[in-house]
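One structure is given here, and the rest of the page talks about it.
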Amino acid sequence: MADGEDGSAADDSWFFDSLAHLTPEPPTKRTMCDRCGRPATVCLCPFLPRQPLQVSTTVYIIQHPHEETRVLRTVPLLAACLPPDRCHVIRGKRFKRGHHPELEQMLSSPHTYVLYPSEDALDIDQVAIATHPANQDPPPYNMVIIDGTWTQARDIYTANEIFHSPKQVKLSGTGVSEYVIRTQPTDNSLSTLETAAVAMAALERRPEIKEVLFAPLRALCKFQLECGAQPHQSKEYLKSRGLYKKPFPHHHNSECREVLKKTSPHNSTGKAGL
(Lines give C-alpha, C1' and ligand atoms only; values in the text may rest on other atoms or scores of the structure.)
Protein backbone atom coordinates (compact mmCIF):
# COMPACT_ATOMS: atom_id res chain seq x y z
CA MET A 1 0.00 0.00 0.00
CA ALA A 2 1.43 3.42 -1.01
CA ASP A 3 2.06 6.19 1.54
CA GLY A 4 0.09 9.43 1.37
CA GLU A 5 1.59 12.95 1.27
CA ASP A 6 1.54 13.12 5.05
CA GLY A 7 3.45 9.85 5.28
CA SER A 8 0.42 7.79 6.29
CA ALA A 9 -0.83 4.86 4.33
CA ALA A 10 -3.25 5.79 1.55
CA ASP A 11 -6.80 4.66 2.13
CA ASP A 12 -7.51 1.96 -0.42
CA SER A 13 -10.59 0.69 1.34
CA TRP A 14 -12.78 2.05 -1.50
CA PHE A 15 -11.12 -0.46 -3.85
CA PHE A 16 -11.83 -3.46 -1.63
CA ASP A 17 -15.35 -2.23 -0.93
CA SER A 18 -16.05 -2.17 -4.68
CA LEU A 19 -14.83 -5.75 -5.00
CA ALA A 20 -17.23 -6.86 -2.27
CA HIS A 21 -20.19 -5.84 -4.44
CA LEU A 22 -19.11 -7.89 -7.43
CA THR A 23 -21.10 -11.05 -8.05
CA PRO A 24 -18.80 -14.00 -8.77
CA GLU A 25 -19.58 -15.82 -11.98
CA PRO A 26 -20.66 -19.41 -11.42
CA PRO A 27 -18.27 -22.07 -12.72
CA THR A 28 -19.02 -23.17 -16.25
CA LYS A 29 -20.59 -26.62 -16.29
CA ARG A 30 -19.76 -29.05 -19.05
CA THR A 31 -22.58 -29.93 -21.37
CA MET A 32 -23.53 -33.55 -20.74
CA CYS A 33 -25.18 -35.92 -23.20
CA ASP A 34 -28.60 -37.07 -22.03
CA ARG A 35 -28.27 -40.50 -23.62
CA CYS A 36 -24.79 -41.77 -22.79
CA GLY A 37 -24.17 -39.52 -19.77
CA ARG A 38 -20.78 -38.42 -21.09
CA PRO A 39 -19.49 -34.86 -21.65
CA ALA A 40 -20.57 -33.64 -25.09
CA THR A 41 -16.95 -33.36 -26.23
CA VAL A 42 -16.45 -37.10 -25.76
CA CYS A 43 -19.99 -38.29 -26.42
CA LEU A 44 -20.25 -42.01 -27.18
CA CYS A 45 -23.63 -41.89 -28.92
CA PRO A 46 -22.09 -42.43 -32.40
CA PHE A 47 -21.01 -45.84 -31.11
CA LEU A 48 -24.38 -46.78 -29.65
CA PRO A 49 -27.01 -48.56 -31.78
CA ARG A 50 -29.27 -46.12 -33.63
CA GLN A 51 -32.25 -47.84 -32.06
CA PRO A 52 -32.23 -49.80 -28.79
CA LEU A 53 -31.00 -53.33 -29.36
CA GLN A 54 -33.96 -55.69 -29.43
CA VAL A 55 -33.33 -58.65 -27.13
CA SER A 56 -35.57 -61.15 -25.36
CA THR A 57 -33.44 -61.18 -22.19
CA THR A 58 -34.11 -58.71 -19.38
CA VAL A 59 -31.04 -57.75 -17.37
CA TYR A 60 -31.34 -56.90 -13.69
CA ILE A 61 -28.28 -55.16 -12.27
CA ILE A 62 -28.12 -55.51 -8.47
CA GLN A 63 -25.76 -52.63 -7.83
CA HIS A 64 -23.81 -51.94 -4.68
CA PRO A 65 -24.43 -48.27 -3.72
CA HIS A 66 -20.72 -47.44 -3.97
CA GLU A 67 -20.72 -48.27 -7.68
CA GLU A 68 -22.86 -45.23 -8.46
CA THR A 69 -20.02 -42.89 -7.48
CA ARG A 70 -17.35 -44.58 -9.58
CA VAL A 71 -15.93 -42.85 -12.63
CA LEU A 72 -16.02 -44.58 -16.05
CA ARG A 73 -18.81 -46.99 -15.23
CA THR A 74 -20.11 -49.33 -17.92
CA VAL A 75 -23.68 -49.80 -16.66
CA PRO A 76 -24.89 -46.47 -18.16
CA LEU A 77 -23.57 -47.59 -21.56
CA LEU A 78 -25.35 -50.92 -21.22
CA ALA A 79 -28.61 -49.16 -20.34
CA ALA A 80 -28.20 -46.78 -23.29
CA CYS A 81 -27.92 -49.72 -25.70
CA LEU A 82 -31.03 -51.59 -24.51
CA PRO A 83 -34.74 -50.74 -24.37
CA PRO A 84 -35.72 -49.31 -20.95
CA ASP A 85 -37.74 -52.42 -20.11
CA ARG A 86 -34.76 -54.70 -20.76
CA CYS A 87 -32.28 -53.16 -18.31
CA HIS A 88 -33.13 -52.46 -14.68
CA VAL A 89 -30.66 -51.15 -12.10
CA ILE A 90 -31.60 -51.92 -8.50
CA ARG A 91 -29.28 -50.38 -5.90
CA GLY A 92 -28.85 -51.73 -2.42
CA LYS A 93 -27.06 -54.15 -0.15
CA ARG A 94 -29.90 -55.84 1.75
CA PHE A 95 -33.04 -57.32 0.18
CA LYS A 96 -35.20 -58.95 2.83
CA ARG A 97 -37.95 -61.36 1.85
CA GLY A 98 -41.34 -59.70 1.69
CA HIS A 99 -39.90 -56.22 1.18
CA HIS A 100 -39.39 -56.44 -2.60
CA PRO A 101 -42.42 -58.26 -4.06
CA GLU A 102 -41.71 -57.42 -7.71
CA LEU A 103 -38.09 -58.49 -7.42
CA GLU A 104 -39.07 -61.73 -5.66
CA GLN A 105 -41.67 -62.47 -8.33
CA MET A 106 -39.02 -62.10 -11.04
CA LEU A 107 -36.60 -64.31 -9.11
CA SER A 108 -39.23 -67.04 -8.85
CA SER A 109 -39.48 -67.41 -12.64
CA PRO A 110 -38.03 -70.67 -14.05
CA HIS A 111 -36.23 -68.59 -16.68
CA THR A 112 -34.40 -66.39 -14.17
CA TYR A 113 -30.68 -66.98 -13.69
CA VAL A 114 -28.21 -65.38 -11.29
CA LEU A 115 -24.68 -64.94 -12.59
CA TYR A 116 -22.71 -66.19 -9.60
CA PRO A 117 -20.13 -69.01 -9.28
CA SER A 118 -21.79 -71.12 -6.61
CA GLU A 119 -20.86 -74.80 -6.36
CA ASP A 120 -23.95 -75.68 -8.40
CA ALA A 121 -23.51 -72.97 -11.04
CA LEU A 122 -24.19 -74.14 -14.59
CA ASP A 123 -22.26 -73.10 -17.66
CA ILE A 124 -24.43 -70.58 -19.45
CA ASP A 125 -23.84 -72.22 -22.83
CA GLN A 126 -25.31 -75.45 -21.51
CA VAL A 127 -28.33 -73.58 -20.17
CA ALA A 128 -28.95 -72.09 -23.60
CA ILE A 129 -28.80 -75.53 -25.24
CA ALA A 130 -31.15 -77.06 -22.68
CA THR A 131 -33.77 -74.29 -22.72
CA HIS A 132 -33.54 -72.98 -26.27
CA PRO A 133 -33.56 -75.55 -29.09
CA ALA A 134 -31.98 -74.20 -32.26
CA ASN A 135 -35.28 -74.13 -34.14
CA GLN A 136 -37.24 -72.23 -31.48
CA ASP A 137 -37.35 -68.67 -30.24
CA PRO A 138 -35.62 -68.10 -26.88
CA PRO A 139 -37.82 -67.86 -23.79
CA PRO A 140 -38.01 -64.53 -21.90
CA TYR A 141 -34.86 -64.95 -19.82
CA ASN A 142 -34.11 -62.83 -16.77
CA MET A 143 -30.39 -62.40 -16.07
CA VAL A 144 -29.39 -61.09 -12.61
CA ILE A 145 -25.89 -59.61 -12.33
CA ILE A 146 -24.43 -58.34 -9.06
CA ASP A 147 -22.46 -55.16 -9.74
CA GLY A 148 -19.62 -54.33 -7.37
CA THR A 149 -16.16 -55.44 -6.36
CA TRP A 150 -15.74 -59.14 -5.68
CA THR A 151 -16.02 -58.56 -1.92
CA GLN A 152 -19.14 -56.42 -2.36
CA ALA A 153 -20.75 -58.93 -4.73
CA ARG A 154 -19.98 -61.84 -2.43
CA ASP A 155 -21.43 -59.99 0.56
CA ILE A 156 -24.62 -59.10 -1.31
CA TYR A 157 -25.13 -62.67 -2.50
CA THR A 158 -24.33 -64.21 0.88
CA ALA A 159 -26.51 -61.82 2.89
CA ASN A 160 -29.62 -62.11 0.69
CA GLU A 161 -31.28 -65.50 0.42
CA ILE A 162 -33.63 -64.31 -2.31
CA PHE A 163 -30.73 -64.55 -4.77
CA HIS A 164 -30.13 -68.20 -3.87
CA SER A 165 -33.45 -69.47 -5.21
CA PRO A 166 -32.84 -69.10 -8.98
CA LYS A 167 -30.29 -71.27 -10.73
CA GLN A 168 -26.78 -69.86 -10.71
CA VAL A 169 -24.83 -69.69 -13.95
CA LYS A 170 -21.26 -68.84 -14.90
CA LEU A 171 -19.38 -67.84 -18.02
CA SER A 172 -16.35 -69.67 -19.31
CA GLY A 173 -13.83 -69.11 -22.08
CA THR A 174 -14.52 -65.39 -22.18
CA GLY A 175 -10.96 -64.32 -22.92
CA VAL A 176 -9.25 -61.18 -21.64
CA SER A 177 -11.39 -58.13 -20.84
CA GLU A 178 -11.30 -55.24 -23.29
CA TYR A 179 -11.97 -52.81 -20.46
CA VAL A 180 -8.28 -51.95 -20.31
CA ILE A 181 -8.60 -48.62 -18.47
CA ARG A 182 -9.44 -50.31 -15.16
CA THR A 183 -7.46 -52.88 -13.20
CA GLN A 184 -9.26 -56.22 -13.12
CA PRO A 185 -8.71 -58.93 -10.48
CA THR A 186 -7.86 -61.67 -13.00
CA ASP A 187 -7.08 -62.00 -16.69
CA ASN A 188 -10.59 -63.34 -17.31
CA SER A 189 -12.48 -60.69 -15.37
CA LEU A 190 -15.13 -58.77 -17.28
CA SER A 191 -16.85 -55.46 -16.75
CA THR A 192 -20.59 -55.35 -16.16
CA LEU A 193 -21.30 -54.44 -19.76
CA GLU A 194 -19.07 -57.23 -21.08
CA THR A 195 -20.68 -59.74 -18.72
CA ALA A 196 -24.19 -58.83 -19.83
CA ALA A 197 -23.19 -58.88 -23.50
CA VAL A 198 -21.56 -62.32 -23.31
CA ALA A 199 -24.44 -63.73 -21.26
CA MET A 200 -27.17 -62.47 -23.59
CA ALA A 201 -25.28 -63.53 -26.70
CA ALA A 202 -24.96 -67.04 -25.25
CA LEU A 203 -28.56 -67.35 -24.04
CA GLU A 204 -30.10 -66.07 -27.25
CA ARG A 205 -27.46 -67.60 -29.54
CA ARG A 206 -26.87 -64.25 -31.21
CA PRO A 207 -23.14 -63.38 -31.41
CA GLU A 208 -24.00 -59.96 -32.83
CA ILE A 209 -25.32 -58.89 -29.42
CA LYS A 210 -21.79 -58.95 -28.06
CA GLU A 211 -20.41 -56.88 -30.94
CA VAL A 212 -23.09 -54.21 -30.64
CA LEU A 213 -22.65 -53.82 -26.88
CA PHE A 214 -18.86 -53.89 -27.03
CA ALA A 215 -18.69 -50.97 -29.51
CA PRO A 216 -19.21 -48.11 -26.99
CA LEU A 217 -16.90 -49.79 -24.47
CA ARG A 218 -14.09 -49.94 -27.02
CA ALA A 219 -14.70 -46.29 -27.91
CA LEU A 220 -14.62 -45.29 -24.24
CA CYS A 221 -11.28 -47.01 -23.74
CA LYS A 222 -9.90 -45.45 -26.93
CA PHE A 223 -10.91 -41.95 -25.80
CA GLN A 224 -9.33 -42.41 -22.38
CA LEU A 225 -6.09 -43.82 -23.77
CA GLU A 226 -5.84 -40.93 -26.23
CA CYS A 227 -6.25 -38.52 -23.31
CA GLY A 228 -3.31 -40.01 -21.45
CA ALA A 229 -4.77 -42.96 -19.56
CA GLN A 230 -2.50 -45.97 -19.28
CA PRO A 231 -3.62 -49.52 -20.15
CA HIS A 232 -4.03 -51.63 -17.02
CA GLN A 233 -2.98 -55.22 -16.48
CA SER A 234 -4.95 -57.47 -14.14
CA LYS A 235 -3.86 -58.02 -10.55
CA GLU A 236 -3.36 -61.68 -11.46
CA TYR A 237 -0.95 -60.68 -14.24
CA LEU A 238 0.96 -58.26 -12.00
CA LYS A 239 1.19 -60.75 -9.14
CA SER A 240 2.54 -63.47 -11.42
CA ARG A 241 5.39 -61.15 -12.34
CA GLY A 242 6.01 -59.78 -8.87
CA LEU A 243 4.74 -56.34 -9.82
CA TYR A 244 1.70 -56.16 -7.54
CA LYS A 245 2.79 -55.22 -4.06
CA LYS A 246 -0.50 -54.59 -2.30
CA PRO A 247 -0.81 -57.28 0.40
CA PHE A 248 -3.95 -59.05 1.47
CA PRO A 249 -5.57 -57.59 4.59
CA HIS A 250 -3.88 -58.95 7.70
CA HIS A 251 -7.03 -60.80 8.77
CA HIS A 252 -6.93 -62.99 5.64
CA ASN A 253 -4.90 -66.09 6.36
CA SER A 254 -3.48 -68.25 3.60
CA GLU A 255 -6.54 -70.49 3.51
CA CYS A 256 -8.86 -67.52 3.03
CA ARG A 257 -6.68 -66.20 0.24
CA GLU A 258 -6.89 -69.47 -1.63
CA VAL A 259 -10.68 -69.58 -1.20
CA LEU A 260 -11.01 -66.02 -2.50
CA LYS A 261 -8.88 -66.85 -5.50
CA LYS A 262 -10.83 -69.99 -6.38
CA THR A 263 -14.32 -68.62 -5.78
CA SER A 264 -13.94 -65.11 -7.14
CA PRO A 265 -16.61 -64.48 -9.79
CA HIS A 266 -13.87 -62.78 -11.80
CA ASN A 267 -12.14 -66.15 -12.15
CA SER A 268 -13.40 -67.31 -15.55
CA THR A 269 -17.01 -66.62 -14.67
CA GLY A 270 -17.53 -63.14 -16.10
CA LYS A 271 -18.64 -61.47 -12.88
CA ALA A 272 -19.36 -57.86 -13.50
CA GLY A 273 -17.87 -55.27 -11.28
CA LEU A 274 -17.50 -51.94 -13.00
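The residues of the range 180-198 that are under 15 Å from residue 153 (Cβ atoms), part of a helix (DSSP H, G or I) and aliphatic (A, V, I, L, M) amount to a single one, 196.
Looking at the range 218-237 only, could you name the residues that are modelled with pLDDT of 85 or more, assigned to a helix (DSSP H, G or I) and either in contact with a Leu (Cβ under 6 Å, 6 or more places away or on another chain) or over 12 Å from residue 177 (Cα atoms) (or both)? Give the steps one after another, and end with the answer.
Residues of the range 218-237 modelled with pLDDT of 85 or more: 218-228.
Subsequent filtering for residues that are assigned to a helix (DSSP H, G or I) retains 218-226.
Within the range 218-237, 219, 220, 222, 223, 224, 225, 226 qualify.
Could you tell me whether residue 165 is touching an Asp or Glu at 6+ places or on another chain (Cβ under 6 Å), open to solvent by 40 Å² or more (accessible area, probe 1.4 Å), of a type in the set (Ser, Thr, Tyr) and part of a loop (DSSP other than H, G, I, E, B)?
Details: touching an Asp or Glu at 6+ places or on another chain (Cβ under 6 Å): no; open to solvent by 40 Å² or more (accessible area, probe 1.4 Å): yes; of a type in the set (Ser, Thr, Tyr): yes; part of a loop (DSSP other than H, G, I, E, B): yes.
The answer is no for residue 165.
If you go through the range 39-92 and pick out every residue that is of a type in the set (D, E, K, R), open to solvent by 10 Å² or more (accessible area, probe 1.4 Å) and part of a helix (DSSP H, G or I), you end up with 3. Every listed requirement among (1) in a helix (DSSP H, G or I); (2) open to solvent by 60 Å² or more (accessible area, probe 1.4 Å); (3) within 19 Å of residue 59 (Cα to Cα) is met by residue 110 save one, (1). Candidates 213, 190: the one that is open to solvent by less than 10 Å² (accessible area, probe 1.4 Å), at pLDDT 95 or above, under 23 Å from residue 64 (Cα atoms) and out of contact with any strand residue (DSSP E or B) (no Cβ under 9 Å at 6 or more places or on another chain) is 213. Residue 196 fulfils the conditions (1) modelled with pLDDT under 95; (2) among the small types (Gly, Ala, Ser); (3) open to solvent by less than 10 Å² (accessible area, probe 1.4 Å) except for a single criterion, (1).
For the range 127-142, residues that are more than 22 Å from residue 193 (Cβ to Cβ) and part of a loop (DSSP other than H, G, I, E, B) total 7. When residue 201 is tested against the conditions (1) without any contact (Cβ under 8 Å) to a residue 12 or more places away in the chain; (2) open to solvent by 20 Å² or more (accessible area, probe 1.4 Å); (3) closer than 30 Å to residue 232 by Cα, the lone failure is (2).
Filter the range 113-126 down to the residues that are outside any loop (DSSP other than H, G, I, E, B) and surrounded by fewer than 20 Cβ atoms within 10 Å (Cβ to Cβ), then identify the one that is farthest from the chain's Cα centre (by Cα). Outline the logic, then answer.
Our first condition is that a residue be outside any loop (DSSP other than H, G, I, E, B); within the range 113-126, this holds for 113-115, 122-126.
Imposing the further condition that a residue be surrounded by fewer than 20 Cβ atoms within 10 Å (Cβ to Cβ) reduces the set to 122-123, 125-126.
Values: 122: 23, 123: 22, 125: 22, 126: 25 Å.
Residue satisfying both the conditions and the ranking: 126.
The values are calculated or read from the model by the stated rules, or taken from the named source; none is laboratory data. Since this is a predicted model, take the numbers as computed values, not measurements. Every residue, glycine among them, receives a Cβ derived from its backbone with ideal geometry; neighbour counts consider all protein chains shown. Just the protein is used for accessible areas: all its heavy atoms, side chains included, with ligands, DNA and RNA removed. Shrake-Rupley method; radii C 1.70, N 1.55, O 1.52, S 1.80 Å.
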